[in-house]
Amino acid sequence: MESYAKNKQLHIDKEALYSLALVQEGLLYPTKGLANKQIFQTMKDSDTYFSSPFVLNPSGKRNQEVIQSAQTNQILDIVVENHIVGYIQVEEVFTINKQDRIKQLGGGTTQTQAIQKIQNRLGEYAIYGQYKVKCDDVKKPKQNLQDKIKQYQAKKITAIILDGSVFHRAYEKLIRDELESSDLVVIFLLKPYTDTIIDYELRRKCLDFALEHFLINERVCIIPLDDTYLFMSQNKILLHAIIAKNYGCTHFVANEAQPNLSMFYHKNIPHSILDEIKGIQTKIKPNYAYCNVCKMLINNITCSHGHHHQINYNTESILEFYQLGLLPPAILVRPEISAIILSSLYPNRFSNLQKLYYDLVPLNDGILTQKNEQDFYIELMRLYQTSALT
């Protein structure tokens, strides 16, 4: 994107760029743009469902000097990693109360890691005006979904927000259930900015494999959703539902255990904070578990057995297996998925893989072929599931 001659510059990170693009593309509507001083001071944009106005106040001495000295109608370039990605035309500059902003974004002032991250990115001066940015990570997925809706003439379009750090069997069950009653299922796969053992590319690889081999992937659309600082607060569930609606989804699935859902029952009908959002139907799903009496995946509504009979699908607990280089039980994660993860996390961990494979794995077809680590992990799980004769 070309720069006007001698424009001053605002330097922002990819999180801020993605957030600006979400608003620009109408995906956070009714939020239409940046908040001015009046909206910020009232702590709430009257047209939105949540008390967190959209403000641009990047930290950094250079940024703050540029904002503080900006004049009305002045054009400032927006720069990410030394590339000009857009511009903003200045209409107003105002000061920010950092503590008020932390409360808006983080729901309080407790010094958690998330709150500290928010605090580090806040400047004392904010800028208001019309802007334009280029971010294909937002624009292209939006168009791809619209094309797919048109292709399948989809009427019921169900949105699922998926962390996906471990694609376990409960996630598969959720997608399978929604495919039964939907014309199209849209999976918003969270793309983290924090360091994690399972990065986005590996999450996507596992999800793509599961859709290709175990589900009807033609009626599933995957959309990357950057897990930016905007989603680090009590407004997270609302923002997810709003984005799903503005992408064109007609239904939104949430889990009853999600934080800040404010869930309650009235006349046996579940209600939550999502009831505030018009134009999209929300469904609150109970937790899935495996019941060792029923011998199947159940939820707490359909199964009469107690928690002591249930195996829960806790992502953090399953991740501990991978951190230790172990295969989690197949009842939790499909062996094929675990094989993809372990072979990616620990490449070339076996000194003589071919010998180990042929020493331990029966050759049912009697043919020697080159095997990789994924093949070995899958066969190893089969050995774990083989009972010894007594």
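The table for this structure:
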{"read-out": "The chain: Cys lacking any partner C-beta under 4.7 angstrom", "value": "Cys135, Cys206, Cys221, Cys249, Cys303"}
{"read-out": "FRET efficiency for Asp375 and His83, using Cβ-Cβ distance with R0 set to 45 Å, rounded to 0.05", "value": "0.60"}
{"read-out": "Distance between segment 214-266 and segment 284-301 - C-alpha centres, whole angstrom", "value": "22"}
{"read-out": "Length added when fully stretched, Asn260-Lys155, from 0.36 nm per residue minus Cα-Cα", "value": "34.9 nm"}
{"read-out": "Gained length - Gln385 relative to Lys355, 0.36 nm times residue gap less alpha-carbon distance", "value": "8.6 nm"}
{"read-out": "Inter-label distance, nm, simple model (7 Å from Cα along the C-beta direction), Met296/Glu91", "value": "5.7"}
{"read-out": "Anchor Lys355: aspartates and glutamates whose Cα lies under 16 Å away (excluding residues fewer than 8 positions away in-chain)", "value": "Glu373, Asp375, Glu379"}
{"read-out": "Per residue accessible area of segment 326-389, 1.4 Å probe, in Å²", "value": "61"}
{"read-out": "Segment 326-389 shape via C-alpha gyration tensor axes, a/c threshold 1.5", "value": "oblate"}
{"read-out": "Estimated inter-spin distance, Asp147 and Asn7, nm [label 7 Å along Cα→Cβ]", "value": "2.9"}
{"read-out": "Of Lys295/Lys371; Lys32/Lys134; Lys103/Lys236; Lys37/Lys191, those spanning more than 25 Å from alpha-carbon to alpha-carbon", "value": "Lys295/Lys371; Lys37/Lys191"}
{"read-out": "Sites Gln64 and Glu316 - FRET efficiency at Förster radius 51 Å, r taken between beta-carbons, to 0.05", "value": "0.85"}
{"read-out": "Cβ crowding within 10 Å averaged over residues, with 281-287, 258-264 ranked highest first", "value": "281-287, 258-264"}
{"read-out": "Sulfur and carbon atoms: percent of accessible area, the chain [1.4 Å]", "value": "48"}
{"read-out": "For segment 78-225, accessible area per residue (1.4 Å probe, heavy atoms of protein chains only), Å²", "value": "48"}
{"read-out": "Listed residue pairs exceeding 27 Å between alpha carbons, taken from Lys14/Lys150; Lys148/Lys245; Lys61/Lys98", "value": "Lys14/Lys150"}
{"read-out": "Principal-axis tilt of helix 14-24 within the chain, Cα atoms, nearest 10 degrees", "value": "70"}
{"read-out": "Pair Lys37, Lys278: separation of 7 Å Cα→Cβ label points (nm)", "value": "3.3"}
{"read-out": "Accessible area of Cys303 in the full protein assembly, 1.4 Å probe (Å², nearest 10)", "value": "10"}
{"read-out": "Estimated FRET transfer efficiency (Asp100, Gln323; beta-carbon r; R0 41 Å; 0.05)", "value": "0.60"}
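The values are calculated or read from the model by the stated rules, or taken from the named source; none is laboratory data. Note that this is a predicted model, so its numbers are computed, not measured. No Cβ is skipped: glycine too gets one built from the backbone with ideal geometry, and neighbour counts run over all protein chains shown. Note: areas computed on protein heavy atoms with side chains; ligands, DNA, RNA excluded. Shrake-Rupley method; radii C 1.70, N 1.55, O 1.52, S 1.80 Å.
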